[in-house]
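Colleague: Just passing along the structure, written as structure tokens.
The values are calculated or read from the model by the stated rules, or taken from the named source; none is laboratory data. Worth saying up front: this structure is predicted, and the values here are computed from it rather than measured. FYI the Cβ positions are ideal-geometry reconstructions off the backbone, even for glycines, and counts take in every protein chain you see. Calculation scope for accessible area: heavy atoms of the full protein, side chains included, ligands and nucleic acids excluded. Shrake-Rupley method; radii C 1.70, N 1.55, O 1.52, S 1.80 Å.
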Amino acid sequence: MNRRGALKWISGLFAAACTLVVAIPGVSFVAEALRRGPRKKSIVQRVARLQELPQGRPVQANIVGSRRDAWTVYPDEVIGRVWLVRQTDDSVPESEHKVAAFTGVCPHLGCAILKSSDGENFVCPCHKAAFALDGEPLSEDQLGHTNHTPRGMDSLTAQPVQDEAGQWWVEVEYKQFVTGLTKKVQQV
Amino acid sequence: MLRNTLEWLDDRTGYHDLMAPIRRRVLPNGPSWWYTSATCLLWLFVVQMITGLLLMATYSPSTGGAWASIHFIEQSMAGSFLRGVHYFASHAMIVLFAVHIVRVLLSAAFRAPRELIWITGLLLMPLFLVWAVTGNPLSASQKAIAQIEVEGHIVGSTPLIGPIVQRLLIGGDEVGQLTFTHLYALHVGLLPLLVIVLLAIHISQVYRHGLFPGSQATSDHRARPYWPYQTVRNMTVLGILVAGISWLAWRYGAPLESPPDPSLHYMPRPEWYFRSLFELRRYFTGDTEFIATIVIPTVTLLVLLSIPMLDRRCWPKVSFGFRLLFAVIGLGGWAVLTFQSYARDWQDAEYVAAEEEAKELAARARALADKFRVPPEGPSALLSNDPKLQGPHLFRKHCANCHSYTDADGAGIAASELSAPNLHGFASPDWIAGMLDPQRINSEHYFGNTAFADGEMASTIVDMFDGLEGEDLKELQTQLSNVSQVLADEAQREVSEADEEAVASNAELLTELACTDCHRYHEEGDLGSAPDLTGYGSRKWLIEMIANPSGERFYPDDRNDRMPAFAENPHQPEANLISQRELELLVDWLRGEWYEP
């Protein structure tokens, strides 16, 4: 290689080194967003008093917890919503009540599910998916148009618990699930 | 296939011919290491833009989010490295600017027809310094806010337009949210645009007129094509600079001082490149200070800008001497003033101590942010909620009139008039043992300067030891040592968590030693004669004690010597001497309960 070629080589080498010194950390820094994120744990929480739930009518409750947003931690925020439907009637003792609990997140694309105006169904305002009070999606005949949801509302485990003062509460284990799938898969 | 693609591109865009001036550039006098400053400045500028863009993706310019987002960047190795490169590259560019300007000045490359190159280049320097000035305060740290406040006042001291410009920059009366959004808009928006425009004119002019041939006659055998002869020199110097910057970024990183903390005894200083002005203004009074900070730099710039015109009027020989003198005085004066400023600080013990304190506070803030992340109120809340930091302040303010907090060597907080026990290591086994030791209980570290000196407790302890020798003495000492441990354990956990069996056997010991004749301990003994030993020294116990020492669990009726009740109105907190939060911080500090990484 002649002198000129060697000089070109050396120039290229230094230039490449300088580029890598900035490019490698740069790419790594941008890719951090792919790595970050704590595991989404399930949260067990008392969300509503048993006496607040009328039989067969949906009631919404909030899940409260701390939320981490990049560099800030918000200690006391509503981080989720659940729908509760008490299935058993008043004659049953408190400890044996059955309460159906569903996450308020629509399994289609994640909008917040509401209850219908007559309180007989759940509806999603985004694409008009609708569900019965047991979480099952309504059929096309019942609905009058395609029901876009891939599966029924995601149910959560709920049970009555009593606190130290003797009050009965509904304790729900709140989890988050992946939208868009026909199967219910918990988010990690 | 690559060749085909490039041919297609060239046919559409004509880039091959457009790039010809660069590709075919020839240096009539050959390459030189002196010419490398220009290209290095350009590429470092590119590095700044790239690292700046990357940092922009994560930084948040608000009073609450600035420090927190920068700490967030620092938590990742890549982010910390990029920020370090951004910081040290800016310093390298300032040094390179000086080198470049001096080289051009001395080689008279500003002469016709290159005046515009000189002017645009010279204007780039103060523009770049302003760019750095808008960048440094973006961390909203203690130092950053002090800096921008001072810089705002310096701007404001300019006659006539000063106060208006200051208000526009700060966004109002005080440094706040708008200050940071303004600085940010300048730093990432307006200033890069201005620099790019000036740079475009500068570089296009260089290509139009070529490099200054100097006074030597050109000779063909010295001429060389720019690529690769000059390029290899450029890249070598750039490589060395980038290596140096990377090492500094890796080893030290850009600094991040603590969030603003008004209780910090802070002595702000400007960045190193402004130290000369900081020193120069000491020779002027308050009213005339703007001569040092505004007039002298402006006049220097104006003189430099006019040098092409002045040069034409001077004889060629003398003018080199004048330029050399100018450069020597300028650089020399700058160096002397800068060194003087630093020397003055290094010899000032108070300043050195303040710097140490600031460093420790910064490290503590970062450790707290690593562990707890920043609360919504902002990073200063991390500091104001830290028992380790706030405890000493609160102790000095509320307790140190009577109590001291000094260890065996006397280090710590001394009382102004020691009239109460020394609280260092309160409720530790050793501290309690001192209370049970006839040699120590009446010393100034315990009851010596209080109404309890030689009182009921003290004489009980003294009497216990009276006449005892040998085995009996040892047995009593062992028992009292056990009592110290029992009570120290009470301090470690809340009453509700106590183990029933342990409590029962402890009660036996205390009853045997007749402690429970006066003190209550769980189910044994009564309140009224002496402080409750149930949960002694625990968080709840200490909070209640300080809130109201005359309460029935402690020193009821007239048994309290003179300790005030610090929070005796639970329903009217404004009427209390300290707030509940302050009380809890103080208690956590006294009990040594704070986060340590």
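Colleague: Using 1/(1 + (r/R0)^6) with R0 = 56 angstrom and r between the beta carbons of B:Gln347 and A:Thr19, what's the FRET efficiency to the nearest 0.05? Working shown, then result.
Modeller: Details: r = 45 Å, r/R0 = 0.80.
For B:Gln347 and A:Thr19, the calculated efficiency is 0.80.
Colleague: Helix A:3-35 against the longest principal axis of chain A: what's the angle in degrees, Cα atoms only, rounded to the nearest 10?
Modeller: So the inclination is approximately 10 degrees.
Colleague: So how far, in whole Å, is the C-alpha centre of region B:523-549 from the one of region A:1-46?
Modeller: Value for the Cα centre distance between the two parts: 61 Å.
Colleague: Pairs A:Lys41/B:Lys388; A:Lys41/B:Lys143; A:Lys41/B:Lys371; A:Lys175/B:Lys371; A:Lys41/B:Lys359; A:Lys115/A:Lys183: which exceed 28 Å Cα-Cα? Each step should come with its number before you reach the end.
Modeller: On the way: A:Lys41/B:Lys388 32 Å; A:Lys41/B:Lys143 40 Å; A:Lys41/B:Lys371 19 Å; A:Lys175/B:Lys371 26 Å; A:Lys41/B:Lys359 38 Å; A:Lys115/A:Lys183 23 Å.
Beyond 28 Å between Cα atoms: A:Lys41/B:Lys388; A:Lys41/B:Lys143; A:Lys41/B:Lys359.
Colleague: If one computes P(r) from the Cα atoms of region B:1-146, what percent of pairs lie at distances over 21 Å? Each step should come with its number before you reach the end.
Modeller: On the way: 6432 of 10585 pairs.
The answer is 61 percent, as a whole percent.
Colleague: Moving to a separate point now. Can you tell me which of A:Trp71, A:Trp83, A:Trp168 moves the most in a GNM of chain A? Springs connect C-alpha atoms under 10 Å apart.
Modeller: Top of the fluctuation ranking is A:Trp71.
Colleague: Can you give the calculated 222 nm mean residue ellipticity of the protein assembly as shown, where each DSSP H run of n ≥ 4 adds -39,500 (n - 2.57) and the sum is split over every residue, rounded to the nearest 500 deg cm²/dmol?
Modeller: Values: 26 runs with 384 residues, N = 785.
Helices in the protein assembly as shown give a 222 nm mean residue ellipticity of -16000 deg cm²/dmol.
Colleague: Using a/c under 1.5 as the rounded threshold, could you call the protein assembly as shown rounded, prolate or oblate? The axes a ≥ b ≥ c are square roots of the C-alpha gyration tensor eigenvalues, and prolate needs a/b larger than b/c, oblate otherwise.
Modeller: It comes out oblate by the Cα gyration axes.
Colleague: How far apart, in nm, are the 7 Å Cα→Cβ label points at B:Arg111 and A:Asp134?
Modeller: 9.9
Colleague: Quick check on region B:211-312: what does the Kirkwood estimate of hydrodynamic radius come out to from the alpha carbon pairs, in Å? The partial results should precede the final answer.
Modeller: Details: mean 1/r = 0.0508 Å⁻¹.
Taking the inverse mean of 1/r over all distinct Cα pairs, region B:211-312 comes out at 19.7 Å.
Colleague: Just to be sure I understand: with springs between alpha-carbon atoms less than 10 Å apart, which residue in A:Gly119, A:Gly152, A:Gly144 has the highest mean-square fluctuation in the Gaussian network model of chain A?
Modeller: The residue with the greatest mean-square fluctuation here is A:Gly144.
Colleague: What size of dipole, in debye to the nearest 20, comes out for chain B about its Cα centre when the only charges are +1 on Lys and Arg C-beta atoms and -1 on Asp and Glu C-beta atoms?
Modeller: 7640
Colleague: Continuing with the same structure: Can you pull out the GluC sites (Glu not before Pro) in region B:542-584 that DSSP calls coil and that have at most 12 other Cβ atoms within 10 Å? Spell out each step's value before the answer.
Modeller: Numbers: sites: B:Glu544, B:Glu552, B:Glu568, B:Glu574, B:Glu582, B:Glu584; in loops: B:Glu552, B:Glu568.
Passing both the DSSP loop test and the Cβ count: B:Glu552.
Colleague: Cα convex hull of region A:25-69: mean projected area in nm², to one decimal? Show your work: numbers first, answer last.
Modeller: On the way: hull surface 20.1 nm².
Averaged projected area of region A:25-69's Cα convex hull equals 5.0 nm².
Colleague: How much FRET efficiency would the formula 1/(1 + (r/R0)^6) give for A:His127 and A:Gln187, where r is the Cβ-Cβ distance and R0 is 25 Å, rounded to 0.05?
Modeller: Details: r = 21 Å, r/R0 = 0.84.
Computed FRET efficiency for A:His127 and A:Gln187 comes out at 0.75.
Colleague: Remind me, what semi-axes does region B:466-597 give for its equivalent ellipsoid, largest first in whole Å, using sqrt of 5 times each Cα gyration tensor eigenvalue? Don't skip to the end; give the middle numbers.
Modeller: Numbers: eigenvalues 183, 67, 39 Å².
Calculated on Cα positions only, the semi-axes equal 30, 18, 14 Å.
Colleague: If I model a spin label as a point 7 Å beyond the Cα along the Cα-Cβ vector, how far apart are those points for B:Asp287 and B:Lys474 in nm?
Modeller: 8.5
Colleague: What do the square roots of 5 times the Cα gyration tensor eigenvalues come to for chain A, in whole Å, largest first, as semi-axes of the equivalent ellipsoid? Could you put the intermediate results ahead of the total?
Modeller: Working: eigenvalues 548, 103, 25 Å².
Ellipsoid half-lengths, sorted descending, are 52, 23, 11 Å.
Colleague: Can you give the Rg to Rh ratio for region B:298-416, taking only C-alpha atoms and Rh from Kirkwood?
Modeller: Working: Rg = 27.1 Å, Rh = 20.2 Å.
Reported Rg/Rh, Kirkwood definition of Rh: 1.34.
Colleague: Separate question: Check A:Lys115: other-chain or 5+ apart residues with amide H under 5 Å from its amide H, H built from backbone geometry?
Modeller: A:Val123
Colleague: If you take the Cα atoms of region A:91-136, find Rg, then find the Kirkwood Rh from the mean of 1/r over all pairs, what is Rg/Rh? Mind dumping the intermediate values first?
Modeller: On the way: Rg = 12.9 Å, Rh = 11.8 Å.
Dividing the radius of gyration by the Kirkwood radius yields 1.09.
Colleague: Once you sort the root eigenvalues of the Cα gyration tensor of region A:135-188 as a ≥ b ≥ c, which label holds: rounded (a/c under 1.5), prolate (a/b larger than b/c) or oblate (the other case)? Let's see the in-between values first.
Modeller: Details: a/c = 5.57, a/b = 1.97, b/c = 2.83.
Because a/c hits 1.5 or more and a/b fails to exceed b/c, region A:135-188 counts as oblate.
Colleague: Right, another one. Relative to the longest principal axis of the C-alpha atoms of chain B, give the angle of the C-alpha long axis of helix B:226-251, reported between 0 and 90° and rounded to the nearest 10°.
Modeller: Taking Cα atoms only, the helix is inclined about 10 degrees.
Colleague: Mean projection of the alpha-carbon convex hull of region B:346-422 over all orientations, in nm²?
Modeller: That works out to 7.2 nm², a quarter of the Cα hull's surface.
Colleague: Roughly how far apart, in whole Å, are the Cα centres of region B:390-413 and region B:40-108?
Modeller: Result: 44 Å between the Cα centres.
Colleague: Helix B:296-313 versus the longest principal axis of chain B: what is the Cα-based angle in degrees, 0 to 90, to the nearest 10?
Modeller: Approximately 10 degrees, to the nearest 10.
Colleague: When the chain is fully extended, how far beyond the present Cα-Cα distance does B:Thr298 get from B:Asp454, taking 0.36 nm per residue of separation? The partial results should precede the final answer.
Modeller: Working: separation 156, 0.36 × 156 = 56.16 nm, distance 7.60 nm.
Taking B:Thr298 through B:Asp454 to full extension adds about 48.6 nm, to one decimal.
Colleague: How much length is gained if the chain between A:Glu164 and A:Ala6 is pulled fully straight, taking 0.36 nm per residue apart and subtracting their Cα-Cα distance, in nm to one decimal? Write out the running numbers ahead of the final one.
Modeller: On the way: separation 158, 0.36 × 158 = 56.88 nm, distance 8.32 nm.
Value of the extension gain: 48.6 nm.
Colleague: Then there is this: How large, in percent, is the carbon and sulfur part of the accessible surface of the protein assembly as shown at a probe radius of 1.4 Å?
Modeller: On the way: 24620 of 42300 Å².
Answer for the protein assembly as shown: carbon and sulfur cover 58 percent of the accessible area.
Colleague: Please give the Cα centre distance for region B:332-374 versus region B:136-171, rounded to the nearest Å.
Modeller: Cα centres, region B:332-374 to region B:136-171: 21 Å.
Colleague: Let me ask you something else. Please say if region B:440-503 is rounded, prolate or oblate, where rounded means a/c under 1.5 for a ≥ b ≥ c the square roots of the C-alpha gyration tensor eigenvalues, and otherwise the choice is prolate for a/b larger than b/c and oblate otherwise? Walk me through the numbers on the way to the answer.
Modeller: Values: a/c = 2.93, a/b = 1.34, b/c = 2.18.
Oblate, because a/c is 1.5 or more while a/b does not exceed b/c.
Colleague: Using only alpha carbon positions, build the gyration tensor of chain B, then give the equivalent ellipsoid semi-axes as the square roots of 5 times its eigenvalues, largest first, whole angstrom. Don't jump to the answer; show the numbers that get you there.
Modeller: On the way: eigenvalues 1026, 134, 93 Å².
Value: 72, 26, 22 Å, ordered largest first.
Colleague: On to the next question. Where in region B:218-320 are there chymotrypsin sites (Phe, Trp or Tyr not before Pro) that are in a DSSP coil and have at most 15 other Cβ atoms within 10 angstrom of their Cβ?
Modeller: Numbers: sites: B:Tyr226, B:Tyr229, B:Trp247, B:Trp250, B:Tyr252, B:Tyr266, B:Trp272, B:Tyr273, B:Phe274, B:Phe278, B:Tyr283, B:Phe284, B:Phe290, B:Phe320; in loops: B:Tyr252, B:Tyr266, B:Phe284.
Counting only loop positions with at most 15 other Cβ atoms within 10 Å, the chymotrypsin sites (Phe, Trp or Tyr not before Pro) in region B:218-320 are B:Tyr252, B:Phe284.
Colleague: Quick one: net charge of B:His519's neighbours, Cβ under 10 Å, K/R +1, D/E -1? Write down the numbers at each step before the final one.
Modeller: On the way: positive: B:Arg520; negative: B:Asp517, B:Glu524, B:Asp526, B:Asp532.
Combined, the nearby Lys, Arg, Asp and Glu give -3.
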